[in-house]
1. What is the one condition in (1) in contact (Cβ under 8 Å) with a residue 12 or more places away in the chain; (2) part of a helix (DSSP H, G or I) that residue 736 does not satisfy?
2. Would you please name the residue that is nearest to the chain's Cα centre (by Cα), looking only at residues in the stretch 614-640 that are open to solvent by 10 Å² or more (accessible area, probe 1.4 Å) and of a type in the set (S, T, N, Q)?
3. Can you name the number of the only condition in (1) out of contact with any helix residue (DSSP H, G or I) (no Cβ under 6 Å at 6 or more places or on another chain); (2) among the polar types (S, T, N, Q); (3) crowded, with 18+ Cβ neighbours inside 10 Å that residue 361 fails?
4. Which residues, taken from the stretch 553-563, are in a helix (DSSP H, G or I) and either open to solvent by 60 Å² or more (accessible area, probe 1.4 Å) or farther than 17 Å from residue 542 by Cα (or both)?
5. Given the criterion touching a helix residue (DSSP H, G or I) at 6+ places or on another chain (Cβ under 6 Å) and not in a helix (DSSP H, G or I), identify the matching residue among 678, 665.
6. Quickly run through the stretch 708-736 and pick out the residues that are open to solvent by 40 Å² or more (accessible area, probe 1.4 Å) and out of contact with any helix residue (DSSP H, G or I) (no Cβ under 8 Å at 6 or more places or on another chain).
7. Please tell me if residue 418 is buried (at least 17 other Cβ atoms within 10 Å of the Cβ) and at pLDDT 85 or above.
8. Conditions first: (1) open to solvent by less than 10 Å² (accessible area, probe 1.4 Å); (2) more than 23 Å from residue 656 (Cβ to Cβ); (3) hydroxyl-bearing (Ser, Thr, Tyr). Residue 699 passes all but one, so which condition is the exception?
Amino acid sequence: MEDKVSRSSADSLSVTEEFVVVTPNSEKTPEPSQDNVSTTSAESTGLKIVGNGNMEDLKQHLDEVLGGDQHDGKAPSDGHDEGVSGWETPTNNDKSRFRSVSEPVYSANNPSHRVGGDSPTSFQQISSQDLDRLSPSRVGMVPLDKICTLFSRIIYLGAASVNAPKSEMEATKKMTILKQQQSQNAIEIVLSVPRTSEGSVRLLEPDGKSEISAYRITTILFCCRGREGTGISDCFAFTCGHGNRDSQLFQCHIFRCEVPEAVQRILTCFGQAFHRVPRSPGLVDSIHGAMPAPRETLMSFTIPVLVDIREEDGKGNFGAVPRDKRCFKLRQGVKKEVLVTVQQTHHQVLNIERCFGLLISPGREVPDREMHLLDVVNLETSSDCKNYTVTSMWDPNKADLEVLNTESPPGLDKGMFMTIAVDLVITGIQEPVRFVVETKVRIFPSTEKFWYFNKKPVQEFFYLMLEEIEAAVENEPAYAVLTLESESQRERRRIPTRSPSTNLVQTPDSMTSVAEEESDDDEPLQSGSGNVDKDCEESILLNWGDLLAKWRSNLSVRPKHLRSMVRKGIPEALRGEVWQLLAGVKECEDLMEEYRVLITKISPAEQVILADITRTFTAHEKFQNESEGGQDAMYKISKAYSVYDSEVGYCQGLSFLAAVLWLHMPEEQAFAVLTKIMYDYHLRDLFMNSFIELHVKFYQLERLMEDNIPDLFSHFVHIGIEAHMYASQWFLTLYTAKFPLYTVFHIMDLFLMEGMPIVFNIAVALLKAAKKELLGQDFEGVLKYFRVTLPKRYRTEESAQELMQTALSTKISNRKLKKYEKEFYAMREDEDREDPLERIERENKQLMHANIRLEQENDELARELIVHRLAMEKQLDKERDRADELDRDLKAIKLQLLDTEEENKHLESETSQIKEMYRTGMEKSESDSKRNSTIIADYKQICSQLSERLEKQQTAAREEMARLRRRLQSCEQCANLINEDGKLNQSSDVIRASEEEEPEPELVVAEQQIRELELELAQTKLQLVESQCQVQDLEHKLNSAMTDLHSSKNNSWLQKTFSSLKDATVTKKE
């Protein structure tokens, strides 16, 4: 059995895949993240620290040891850690992350060091000069097991053989006995514990010059210490396996520490050794002549991602969205939360620093440019740093996501696709890693009510492959993403693209799946599911036509190329005839005649048959109701065979074979082929003699697994999975009960051609294909995988063809099967001849081992239960505190609401007063405006009248001037007084004298009228200016009042009212 601790497992001699470190009991229950150094998996080291002791100290020390690569090489500062420090940390000057034994370690010779300042410590720092002589070898490249921690003042009490290598009770008992019998045989040693799983635990002389013994870490199965408060609290032990697999012995090595504080540190170093695998490819193993361990640069992670959607309930909270299988039922126009949870099940946890963004889009296989970013609310991390939950708000009213807020038409009963993507920034990876989940949604009206729905989130598995690369900063991880693929992408890759029209466009009608019907993760595949295409290439049909023509001419001899053609698969249109020829039904027509008689007889199993036919091929339309004829045909065929073979009668599972045969031939021929399969192919032997032949098949299958898939066989043995738990239907129904029809029909082709051995080929091929997934499952997970997941993997022709190629390429000889059959019967005979007391002792020993394993599992479950209970209580306390805080906030908000309502009433009264004041002002302004308008109109009329009068007077004056000039022309003295332009040529004195002498009465009257008009015009302008001043005063008051009102309360309705009043005033003014 391969060892899971070391990468080079060839040196391991352990018989179990689990390595345990046990610490003493304590009242405190440790956190799972602290007591599990690593998980048992195909890729992990397999070490578990089982906490039955003071785990707080172990947690603190283990954190210090595992974080040693990031420190500066100095001892901890507090007194307690100084007293128990027995570990080493690399300094900044180290060119390698490993240290040799010449670096500081601690001894117990200096009483000046104290633990917590009270008791003498067990360690003293030794100078590098003194430690140079402790090195067993001095080479340029430090071997892996030289990177170690040395503990002095250790007493080796001896070794004792044990039967249960992982029993703490037996190890504790050996500690008690050897400590009580401590004599001169006990020797003082220096214990060297390596820091990686590639090294060895060394027992050195006290002076460190020579090595007494060495035990590789890969051979150590168990490590524990004495319980606190007992006489062996200063002792510890580890168990090693010696010898080969067939004759392996287990020895428990017991040690005692002169200073009890060192025991905890030693257990911590053991945990560190199992936890760490060295990175440097150039380091040499400690055993002389051993090849260096290769550097493991590729890492594979299986990451489950859960997606859930919640909707607002109208009270400020968000509740779960109803879901039918993988289809979410969403309501229109309701705010939603999108939750994406990333889980990590690998022993090496990736550190997720932050969420770069969460995006959604309608449709599937959506380009990056069409994804829409949501607002990330927060990123929550679980206490063990393995679960990360991203929560984002989704506003459905956004125009970009209008498709996801439109009610689904009646034709989209199965929903449309929606893509959800989350970008995570992972430590060591330069670019964000995007996980894309595709699910279905269906949009309902906002008033829709759902009474029953599934609350489980949608789960998608992602397979991440990383390559470790050289980091820019020393001792910092750096990875490159090689592949990232989801389980849906893997399934989709197996589905052929039938035509270009299968490409999905982002419209509601085309977002449904046309490639396959997706089913819920927890729902098994129904029997009779899948469609088989009857189309076939013409060349293949011609070849089969030629072969059948030759075969019909001589039914006793099978054609030459029949085997190769059957292995490729018989065309669906020819399967009925070829199956009959392979089974030899053409030569036994009497069976068909006998069938007509048998169906008239009474069978004692009729009630059982009637109950079975309703559960057979429930997914096939021919068997879903009685009117299709399938159920009646199954009843007749099963009943006829139960009467024909009275020794076997009817056994559950025969109805599946009858259904497969009836789909390709009439009832009579189907009965004849079924009879041939039961008798000539020896299928009925599996149902006889208490199913003894079936148990032979189970034993043969397990032996084939041990030869072809040893690691999976070991895993099944470890978790208690036996062949009868998953392979019963494979043999009894020939894979017809659970697998899709295309796979079932092809298996039937091969079975009728090859016989019973092909069942083993297919079983081994199934196990090989599912090996990776099965190795990571526990007992319940394996059974669920066989029941649910495995049949779904072969829903396409490509996957079924791949399975058949793997099965046919697996070599399983009849001689090997006969050998295994003889082994089984020999074991039965040995059991029959075995002394009952020895058999009981052997069974008792097996039960003890099982009991030990179950007790350990029970302890782990109990510890997890306590941890979860404490976490729940802690969370409950937080929720209670939060509820109290919300109550206080509610009371404060209520008080604030009362104050706000009172202020609102006050503002409303002020508003009404202001409205009344402005109404009065507006009425006055309107009256003034009307009066001013009348004045302006009168002024305009007066101005126009005056202008007309002025024009008339000017015309009369010009005429009078012309008349006067004509009169003056007759007088020689006065002829030169006026020139041609009408201007006087004399001086002003002469003119005034002449005017005084002869004044013109008309001119005097005209001048008087002009002065009166000018006076009247001045008075009108004065009145106009006064009116404009009044209007400006009113506008100023209006603006001031609006500013005050806006500052007191932002009332949109009142503001609109004032604005309209202002506009009306301006309009009337204009």
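The values are calculated or read from the model by the stated rules, or taken from the named source; none is laboratory data. Since this is a predicted model, take the numbers as computed values, not measurements. Please note: Cβ atoms are built from the backbone with ideal geometry, for glycine as well, and neighbour counts cover all protein chains shown. The area values use the complete protein model at the heavy-atom level, side chains included, leaving out ligands, DNA and RNA. Shrake-Rupley method; radii C 1.70, N 1.55, O 1.52, S 1.80 Å.
1. Against the list (1) in contact (Cβ under 8 Å) with a residue 12 or more places away in the chain; (2) part of a helix (DSSP H, G or I), residue 736 comes up short only on (2).
2. 618
3. Only one criterion in (1) out of contact with any helix residue (DSSP H, G or I) (no Cβ under 6 Å at 6 or more places or on another chain); (2) among the polar types (S, T, N, Q); (3) crowded, with 18+ Cβ neighbours inside 10 Å is unmet by residue 361, namely (1).
4. Applying the first criterion (in a helix (DSSP H, G or I)) to the stretch 553-563 yields 553, 562-563.
Result: 553, 563.
5. Numbers: 678 fails: not in a helix (DSSP H, G or I).
From the options 678, 665, the qualifying one is 665.
6. Result: 710, 717, 718, 729.
7. Judged against the criteria, residue 418 is a match.
8. (1)
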